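No lab work stands behind these numbers, since they all come straight from the coordinates. The shown structure was predicted, so the numbers you read here are calculated from the model rather than taken from an experiment. Every residue, glycine among them, receives a Cβ derived from its backbone with ideal geometry; neighbour counts consider all protein chains shown.
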Amino acid sequence: MTRKILIFTMSENQSKYETERMIEEAEKMGIKAERALYRELSFDLVLGDSKVFWRGERLGKKNLLGVWFRVAGTKSGKYVLAKDMLIKLLKKEVFCINGEGYLRWQRMGKILQYMEFVEAGIPVVPTKIFYTVEQVKNSKIGEDFAWPIIAKHEKGFQGKSVRKFENEKEMFRFLGRIDEKNLGMFLWQKYLPTKWDLRVIVLGGKVLGAMKRSASGSEFRSNYSLGGEVEKWDLSEDDGRLAERVANLCRLDYCGVDIMKNEAGESFVLEVNRQCQFKGFEESTRINVAKKTIEMVLNR
C-alpha cells in the first residue's frame, strides 16, 4: 500500500500554491502527496477502537506518511474539531505537522499569542485590550502611545483587519461604527513607523530563512498579499533565536514568525502564523519550502 502525505484544506482553491508545490516536490521525490478536504473526513468513536476515515478509507501508519493542515475555520468550528480529533487518533502512528500546537491551542488568535509571549519574556509591541467604548475614551491611549495608533482584530489575517488612526477623531469615528460587544476582539497598539517587517519561517525548530516585507507607496501594511515588496533578508543571530523561541513556545513544527523593528532597531514579535503561506517567501529567498517540509515529514 502506498503511503502518502495528505494536505487538508477547506476547498479546492484554498492554499492553492502551497498544496500544488507540495504535490510537485513530493512527486519529484517519488512520494505521493494529495489535497484532502475536511468535509471528506468521517469518524467512528468507539471505546478502544476509534477510527478516522478519509473518503471511506481508514487512515493510519499503513497508508500515511504525514498530515499537513491548512485553515479549518468555520462559524461552527466543526472542522477545527475534526482536525483535533484526527490528531488525537493518529498522533501515535502518523506525523501530524503542528499537532502538539493545535491540541494545546485550538484557536490561536493574536490576543492569546500576546499573553503567551509576554509571560515568556518575548518582546511584543505595547498593546492594550478594551471591552467598552468608555474604557477606550478614558484610556488616554494617544498620550501613552502617541498618535498615530494601530487597531487590529485578533482573528485578522493578511493585514486586512489592521487600521491606523492619526488622531482621536478618527478613532472615535471607528468606535461609532462597530458593535461594542465586538470591541474586546481588538488589539490597540503603538504604531511603529518603519513600514517594513520580517517573515521568518521556522521548520523543525530551526530557522529556514527570512524575507523582508516592505509597504508599497502610501500603504502602511507590508503584507505580500496587499502588494508589499519582498526580498531575501540575512537574519541576525538574535532575531533567529527569537523566532525559534516563539516556535518552541507554541510547539510548532512549521510556522511563520513576523518580527518588526522600531527606529532604534529593537525587535518585536508581531505574531506567529502556524499555517503561513510561502509563495512570496520562495520567490524572494529561493528556498524550497515545500521540499524542506516534505523532508521534515520523512525524517520523523
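Cross-link candidates for K206: which lysines have Cα within less than 24 Å, leaving aside residues fewer than 8 places away along the same chain?
K91, K92, K110, K232, K261, K279, K291, K292
Which FRET efficiency value, to the nearest 0.05, do you get for F174 and R300 by plugging their Cβ-Cβ distance into 1/(1 + (r/R0)^6) with R0 = 35 Å? If you can, show how the numbers build up before the last one.
Details: r = 46 Å, r/R0 = 1.32.
Rounded to the nearest 0.05, the efficiency is 0.15.
Give the aspartates and glutamates reachable from K155 as a straight Cα distance under 14 Å; neighbours fewer than 8 places away on the same chain don't count.
Hits, sequence-local ones excluded: E271.
Tell me, what HN-Hα J-couplings in whole Hz come from the Karplus equation 6.51 cos²θ - 1.76 cosθ + 1.60 at θ = phi - 60° for each residue of segment 239-246, using x for Gly and Pro?
Residue by residue, segment 239-246 yields 5, x, 5, 4, 5, 5, 4, 5 Hz.
Return the long-range amide H neighbours of G73 (sequence gap of 5 or more, or a different chain), with a cut-off of under 5 Å between placed amide H atoms.
Long-range HN contacts for G73: none found.
Could you go through segment 74-82 in sequence order and give the Karplus-derived ³J(HN,Hα) for each residue, using 6.51 cos²θ - 1.76 cosθ + 1.60 with θ = phi - 60°, rounded to whole Hz, and x for Gly and Pro?
9, 4, 7, x, 5, 7, 4, 5, 4
Report the percentage of all Cα-Cα pairs in segment 127-190 whose separation exceeds 14 Å, rounded to a whole percent.
Values: 1067 of 2016 pairs.
So the portion of pairs separated by more than 14 Å is 53 percent.
Run the numbers for K140 and R251: contour at 0.36 nm per residue of separation, minus the present Cα-Cα distance, in nm.
Values: separation 111, 0.36 × 111 = 39.96 nm, distance 3.68 nm.
Value of the extension gain: 36.3 nm.
Just one of (i) 31, 55, 14, 0; (ii) 33, 60, 7, 0; (iii) 31, 53, 11, 4, 0 is P(r) over Cα pairs in 20 Å bins from 0, in percent as worked out from the coordinates here. Which one is it?
Matching the structure shown: (i).
Kindly express, to the nearest 10 degrees and within the range 0 to 90, the angle between helix 110-119's C-alpha long axis and the longest C-alpha principal axis of the chain.
80 degrees
Taking H placed 1.01 Å from N in the peptide plane, check which residues at least 5 places from Y191 or on another chain put their amide H under 5 Å from its amide H.
For Y191, the qualifying residues are I150.
How much FRET efficiency would the formula 1/(1 + (r/R0)^6) give for R58 and K16, where r is the Cβ-Cβ distance and R0 is 45 Å, rounded to 0.05? It would help to have the intermediate numbers written out before the result.
Values: r = 28 Å, r/R0 = 0.63.
Here the calculated transfer efficiency is 0.95.
Give the percent of DSSP beta bridges with both residues in the chain that are antiparallel, rounded to the nearest 5.
Numbers: 41 of 55 bridges.
Approximately 75 percent, going by the DSSP bridge assignments.
Restricting to Cα pairs below 8 Å that are 6+ residues apart, what does the relative contact order work out to for segment 154-300? Please round to a whole percent. Let's see the in-between values first.
On the way: 212 pairs, mean separation 31.6, N = 147.
Over segment 154-300, the number comes to 22 percent.
What list do you get for W68, W188 if you sort them by fewest beta carbons within 10 Å?
Values: W68 25, W188 21.
Lowest to highest Cβ neighbour count: W188, W68.
Give me, ordered by chain and number, the residues 5 or more places off C276 or on other chains with an amide H under 5 Å from its own placed amide H.
Distant-sequence amide H within range of C276: G256.
Can you tell me the dipole magnitude for segment 4-96 around its Cα centre, using point charges on the Cβ only (Lys, Arg +1; Asp, Glu -1), in Debye to the nearest 20? Present the calculation step by step, with values, prior to reporting the outcome.
On the way: 19 positive and 13 negative charges, 46 e Å.
For this selection, approximately 220 debye.
Below 8 Å between Cα atoms, with a sequence gap of 6+, how large is the relative contact order for the chain in percent?
Values: 514 pairs, mean separation 49.8, N = 300.
Dividing the mean separation by the residue count of the chain yields 17 percent.
In terms of the Cα gyration tensor, with a ≥ b ≥ c the square roots of its eigenvalues, is segment 4-96 rounded because a/c is under 1.5, prolate because a/b exceeds b/c, or oblate?
Details: a/c = 2.27, a/b = 1.25, b/c = 1.81.
Verdict is oblate for segment 4-96.
Return, ordered by residue number, the residues of segment 267-300 whose backbone nitrogen is under 20 Å from a label point located 7 Å along Cα→Cβ of E34.
Only 294-295, 297-298 fall inside the zone, counting backbone N under 20 Å.
For the chain, which longest stretch is free of loop sites, where a loop site is one of the GluC sites (Glu not before Pro) that DSSP puts outside H, G, I, E and B and that has at most 10 other Cβ atoms within 10 Å? Display every interim value, and only then the final one.
Details: sites that count: E12, E263, E266.
Looking at the chain, 13-262 is the longest stretch - no exposed GluC sites (Glu not before Pro) with at most 10 other Cβ atoms within 10 Å.
Under the definition of Cα pairs under 8 Å and six or more residues apart, what whole-number percent is the relative contact order of segment 54-179?
Details: 76 pairs, mean separation 19.7, N = 126.
Across segment 54-179, relative contact order equals 16 percent.
With point charges of +1 on the Cβ of Lys and Arg and -1 on the Cβ of Asp and Glu, referenced to the Cα centre of the chain, which listed residue (V230, I87, S139) lies farthest in the positive direction of the dipole?
It is I87, whose Cα lies furthest towards the positive end.
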